[in-house]
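To start, the structure itself, in structure tokens.
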Amino acid sequence: MSIDEELEEEYELFPDFVRSIRLFGDGIESYLLGAGFTDCQKIYDMVCSREIPEAERTERDYPFNCCIYLTGKNLAAFLQRAYPEHYSKLADKINPEAEYRISSIDFS
């Protein structure tokens, strides 16, 4: 599935959010990491600057749309570093061997 198809699917699922950052994967269906321009810009800038060494791969589209793909082990490390307030809520749900995706979506 292309990034455009993923973003379109997410827009259909979450039409109330114009800009949001969501986490998907094993045991986590759609966890809201952030919302709004500032949050989406932060994660997009991190992807553009290659500031996410934990990522298996990243994809970016027009600002501020991007996807970050991580293993559970790397997701835990990324959340501890970049989103510690969310890590404490998600730590017991993360499967170290599973695959996860963080999507920044800007439909403005």
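Can you work out D for region 17-108 in µm² s⁻¹ from Stokes-Einstein, where Rh is the Kirkwood radius over C-alpha pairs, the temperature is 25 °C and the viscosity is 0.890 mPa s? Could the numbers behind the result be given before it?
Values: Rh = 12.9 Å.
After rounding, the answer is 191 µm²/s.
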- Using every alpha carbon pair in region 69-108, what percent of pairs falls into each 10 Å bin from 0 up to the bin containing the largest distance? 31, 51, 15, 2
- Note on the structure: Applied in sequence order to region 89-102, the curve 6.51 cos²θ - 1.76 cosθ + 1.60 (Karplus, θ = phi - 60°) yields integer Hz couplings, x standing for Gly and Pro, of 7, 10, 3, 7, 9, 7, 8, x, 8, 7, 9, 9, 9, 10
- For every other residue with a beta carbon closer than 10 angstrom to the beta carbon of Y31, add +1 if it is Lys or Arg and -1 if Asp or Glu, then tell me the sum. +2
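Laboratory data are not the source of any read-out in this text; all were calculated from the coordinates shown. Just so you know, these numbers come straight off a predicted model, no measurement behind them. Note that we place each Cβ from the backbone using ideal geometry, even for glycine, and neighbour counts take in every protein chain shown.
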